[in-house]
Amino acid sequence: MASIQVRDLSKVYQRDSQRIPVLDGLTLDIPDGDFVALMGPSGSGKTTLLNLIGGIDTPTSGQLLVGGTDIARLSGPALAKWRSRNIGYIFQLYNLVPVLTAHQNVELPLLLVKMSGRERRQRARTALEIVGLGDRLDHFPRQLSGGQEQRVAIARAVVSDPELLLADEPTGDLDRASGGEILDLLERLNREFHKTVVMVTHDPHAAERAHRVFQLDKGVLSQ
Amino acid sequence: MALPLSYNVRNVMQRPVSTLTTAVGVGLTIAILIGALSLAAGFRAALVQTGSADNLIVLRKGANSEISSGISRQTAAILRAYGEVATDARSRPLLSPEVVVVNNRRRVGQPGNSNVTVRGIDHEALVLRRGVQVVAGRWFEPGAAEVVVGRRISTRFEGCRLGDRVRFGQRDFTVVGLFSANGATFESEIWGDNEVLMPVFRGEVFQSVTFRMRDPARFDAIRRELESDPRLGVDVQRESEFYAKQSEMLANLIRVLGGFITIIMAVGAIFGAMNTMFAAVGARTREIAMLLVLGFSPLSIMVSFVFESVILSLFGGLVGCLMALPLNRIVTSTTNFSSFSELAFGFRVTPGILLTGLAVAAVMGLVGGFLPALKASRQPLAAALRGA
Ligand SMILES: Nc1ncnc2c1ncn2[C@@H]1O[C@H](COP(=O)(O)OP(=O)(O)O)[C@@H](O)[C@H]1O
Ligand SMILES: [Mg+2]
């Protein structure tokens, strides 16, 4: 179950003595298994909303039910545990660990669960095979293309089998062709593996892949 | 729960220049520490090696060194007849009344003079000193104007090589042999016949009597008996303790001085390590935030970075060990404060000292890595992910 219910959500950043309101009483429902694109001008709060849904940031006010858990009420360690079990994160800049191989990068999330080394290696290998990189296990990130790096990042996001994938401009740094491959992958993860996907993007072509598109502007959401 | 160690090892290797700079800083500190400790150990070893636990040395009551002591012929004769003295196969007592003086001599290769201990011994009691061996020439003949020279000083002082003539008082002596003594301080002495040397220096008095105990386990009883004998007026110590005590003061001084220099350098090196680690944490802000997002706990991030700092410093410690190892071959000299004569000895870089050096390096890494690791574990997630 990875439905998302956002109720009257607000986020205000505080910089020095200045209040910066980013999200203003936002309400949103995303059912389990949906594929949603989130668009909007730069600085409109897309990353902020994604971070809130993913438990990376905490809201100023409002309710945030993700998979039935009210995550606005979770504290640091509990939130970290919740994230590791329920969320797969995909960043614009991949955020792979440069000194670890593709295989080791994908293994990272599994270090947090009780599991034999053998099973861990096997699962990481399977995840890399799903993203089409079964032949690049021992390559370091610098030996891979941007598109391949992002596919490793996707393997890392799905290896612990979370129900919700959050992708922040996953194709923002890629050319058309590699970007297309990433979108194919996300579509497939949604369709075949029933992952709920929330994707922030600037690209209308990317947004077309989603079932629904939301526009965020000046802290307000429209469909 | 923890990040793999290879993550840290590879990160350390990933930045060779900063790793090497930091390692050299830590390494120099550790090399100094090892140098001081091995100097103290070498000095101590030379003195401890000198004494034997089943020998006993008799000095005048209240004298704390041989040169400030005096033992009359009469006292020496009473001791020679004492029942607790061990005897050799021909029933001769293993006892040596000795004349000990300090002689000022020119050094070779260095300007100025220095003191050498000259010891007149009972030739028949040579077996008393285990491990003493002629390495060139022969022993002196009893009654002859001949001496043998310890191998450590024969090339450090003028007139001390085999065949040379040395003048003591009004008499010339021939160097007829060189001897070794298992690294003991005796190797820094000149030995001759006690009866021949006595009139040359101080007249009718010995400075000490050393004898082998028939039963070393009875040391306490022997000591009580001799020290309370009003005819004698002597203090009694095990020979081994006598020399060990001499070593303590200077060995401690070396350790304290070495420790002091080490601490000053360590502060610098710790700041170096801290700087490197802060830079590493700064460069990996987003990476650390990503690990936190994945669910790694702040504590495990912190432990990981402290580990990284310790690995870095241990590498520095290894560099320090390598820098210090060649010391093992260096022989140096110092003034033995108990006899005010020159004492030559070698650095002793032991496995224990190397381990101490590595342990200190690890502690430096722990201290230097703490704050950067704390910073790493406390990244505000959302901001760090934006690369702020
Ligand atoms: N930690 C922060 N402190 C203050 N302001 C912030 C912080 N993070 C983001 N902001 C501001 O919030 C607004 C929305 O940012 P963001 O969610 O990244 O927008 P988007 O992803 O749509 O480009 C921006 O104006 C940004 O400057
Ligand atoms: Mg953004």
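The values are calculated or read from the model by the stated rules, or taken from the named source; none is laboratory data. None of these values were measured; they are calculated from a predicted model. A quick note on method: Cβ atoms are made from the backbone with ideal geometry, for glycine too, and the neighbour counts reach across all protein chains shown. Each accessible area value is taken on the protein alone, full model and side chains, heavy atoms only, with ligands, DNA and RNA left out. Shrake-Rupley method; radii C 1.70, N 1.55, O 1.52, S 1.80 Å.
The rows are residues; the columns are (1) in a helix (DSSP H, G or I); (2) open to solvent by less than 20 Å² (accessible area, probe 1.4 Å); (3) among the small types (Gly, Ala, Ser); (4) at pLDDT 95 or above.
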site	(1), (2), (3), (4)
B:Gly131	no, no, yes, no
B:Glu141	no, no, no, no
B:Ala144	no, no, yes, no
B:Thr155	no, no, no, no
B:Cys160	no, yes, no, no
B:Gly163	no, no, yes, no
B:Asn182	no, no, no, no
B:Pro230	no, no, no, no
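Here A:Asp135 fulfils each of the conditions (1) part of a loop (DSSP other than H, G, I, E, B); (2) open to solvent by 60 Å² or more (accessible area, probe 1.4 Å); (3) within 14 Å of chain B (Cβ to nearest Cβ) apart from (3).
Taking A:Arg142 as the residue in question, decide whether it is away from every other protein chain (no Cβ under 14 Å), open to solvent by 10 Å² or more (accessible area, probe 1.4 Å), of a type outside the set (Ser, Thr, Tyr) and more than 16 Å from ligand 2 (Cβ to nearest atom). No: the conditions fail for A:Arg142.
Scan segment A:154-173 residue by residue and report those that are away from ligand 2 (no atom under 16 Å from the Cβ) and either assigned to a helix (DSSP H, G or I) or out of contact with any strand residue (DSSP E or B) (no Cβ under 7 Å at 6 or more places or on another chain) (or both). Passing the criteria: A:Ile154, A:Ala155, A:Arg156, A:Ala157, A:Val158, A:Val159, A:Ser160, A:Asp161. If you go through segment A:180-206 and keep only what is in contact with a Ser or Thr (Cβ under 7 Å, 6 or more places away or on another chain) and more than 29 Å from A:Arg85 (Cβ to Cβ), you end up with just A:Asp203. When A:Leu108 is tested against the conditions (1) away from every other protein chain (no Cβ under 14 Å); (2) part of a helix (DSSP H, G or I), the lone failure is (1). The conditions of being within 15 Å of ligand 2 (Cβ to nearest atom) and either away from chain B (no Cβ under 14 Å) or part of a helix (DSSP H, G or I) (or both) are not met by A:Gln150. All conditions in (1) modelled with pLDDT of 90 or more; (2) open to solvent by less than 30 Å² (accessible area, probe 1.4 Å); (3) polar (S, T, N, Q) hold for B:Ser65, with the sole exception of (1).
The residue of segment A:186-204 that is farthest from ligand 2 (Cβ to nearest atom), among those that are farther than 19 Å from A:Val159 by Cα and open to solvent by 10 Å² or more (accessible area, probe 1.4 Å), is A:Pro204. Filtering segment A:77-89 for residues that are closer than 30 Å to A:Val113 by Cβ, within 16 Å of ligand 2 (Cβ to nearest atom), in contact with an Asp or Glu (Cβ under 9 Å, 6 or more places away or on another chain) and open to solvent by less than 50 Å² (accessible area, probe 1.4 Å) leaves a non-empty set. Every condition in (1) within 14 Å of chain B (Cβ to nearest Cβ); (2) in contact with a helix residue (DSSP H, G or I) (Cβ under 8 Å, 6 or more places away or on another chain) holds for A:Pro170 except the one numbered (1). Scanning segment B:7-30 for residues that are away from chain A (no Cβ under 14 Å) and not hydroxyl-bearing (Ser, Thr, Tyr) yields B:Val17, B:Leu20, B:Ala23, B:Val24, B:Gly25, B:Val26, B:Gly27, B:Leu28, B:Ile30.
Filtering segment A:35-58 to residues that are more than 14 Å from chain B (Cβ to nearest Cβ), open to solvent by 10 Å² or more (accessible area, probe 1.4 Å) and more than 9 Å from ligand 1 (Cβ to nearest atom) leaves only A:Met39. If you go through segment B:234-253 and keep only what is open to solvent by less than 30 Å² (accessible area, probe 1.4 Å), over 11 Å from B:Arg44 (Cα atoms) and aliphatic (A, V, I, L, M), you end up with B:Val234, B:Val236. Annotation: B:Thr87 fulfils all but one of (1) buried (at least 19 other Cβ atoms within 10 Å of the Cβ); (2) touching a Leu at 6+ places or on another chain (Cβ under 7 Å); the unmet one is (1). Consider segment A:25-34 and keep the residues that are crowded, with 16+ Cβ neighbours inside 10 Å and either in a strand (DSSP E or B) or of a type in the set (Asp, Glu) (or both). The one that is farthest from ligand 2 (Cβ to nearest atom) is A:Asp34. Return yes or no: is A:Leu93 open to solvent by 30 Å² or more (accessible area, probe 1.4 Å), within 16 Å of ligand 2 (Cβ to nearest atom) and facing chain B (nearest Cβ under 10 Å)? Criteria met by A:Leu93.
Here is the figure for segment B:283-302: residues that are within 9 Å of chain A (Cβ to nearest Cβ), in contact (Cβ under 8 Å) with a residue 24 or more places away in the chain, assigned to a helix (DSSP H, G or I) and under 18 Å from A:Asn51 (Cα atoms) total 6.
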